[in-house]
Amino acid sequence: MATHFMNLKPSPFNSIKAGKKDVEMRLYDDKRRLITPRDLIVFTNEESKETLTCEVLSITRFASFTELYNAFNKVRLGYLEEEIAKPEDMMQYYPQLEMQANGVCAIEIKLV
């Protein structure tokens, strides 16, 4: 079992803390390829520096965020019920070429 460290913006951080968001979406890069079920992820709120520790339940690779969004309920991804969930939202975090080259992943987590 390994421990991984990731930063989060306040909104997704607070959604995990509240028990609403249980799927973290990331680029499937070299760092994420090391994650396996039962590993721990320590998330740090980029603004407050507060941390949360989660256990990885599963990690699933997808070719695109469109595929990933189609596989999960939007609330599990961190959206509010009244919000429109768009895969394009992830383009603010990752360049299109990197997403195409690496694929993306859904990390199912639970607070510990």
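On the protein heavy atoms, probe 1.4 angstrom, tell me the percent of accessible surface of the chain carried by carbon and sulfur. Carbon plus sulfur share of accessible area: 51 percent. Distance between the modelled labels on TYR93 and THR60, one decimal in nanometres: 1.7 nm (7 Å Cα→Cβ projection). Inter-label distance, ALA101 to ALA18: 3.7 nm, where each label sits 7 Å from its Cα along the C-beta direction. Per residue, the chain exposes an accessible area of 57 Å² to a 1.4 Å probe, with every protein chain left in place.
Among the GluC sites (Glu not before Pro) in the range 1-65, those located in a DSSP loop and surrounded by at most 14 other Cβ atoms within 10 Å of their own Cβ are GLU46, GLU47, GLU50.
Over the chain, DSSP H runs of length four or greater, each weighted -39,500 (n - 2.57), average out per residue to a 222 nm ellipticity of -5500 deg cm²/dmol.
Taking a ≥ b ≥ c as the square roots of the eigenvalues of the alpha-carbon gyration tensor, the range 47-101 is classed rounded because a/c is under 1.5.
When DSSP beta bridges are restricted to pairs lying wholly in the chain, around 75% turn out antiparallel. Normalised radius of gyration (Cα atoms, divided by 2.2 N^0.38 Å) for the chain: 0.99.
The values are calculated or read from the model by the stated rules, or taken from the named source; none is laboratory data. Since we're looking at a predicted model, the values are computed, not measured. As a convention, Cβ positions derive from the backbone with ideal geometry for all residues, glycine included, and neighbour counts pool all protein chains shown. Surface areas here come from the heavy atoms of the whole protein model, side chains and all, with no ligands, DNA or RNA. Shrake-Rupley method; radii C 1.70, N 1.55, O 1.52, S 1.80 Å.
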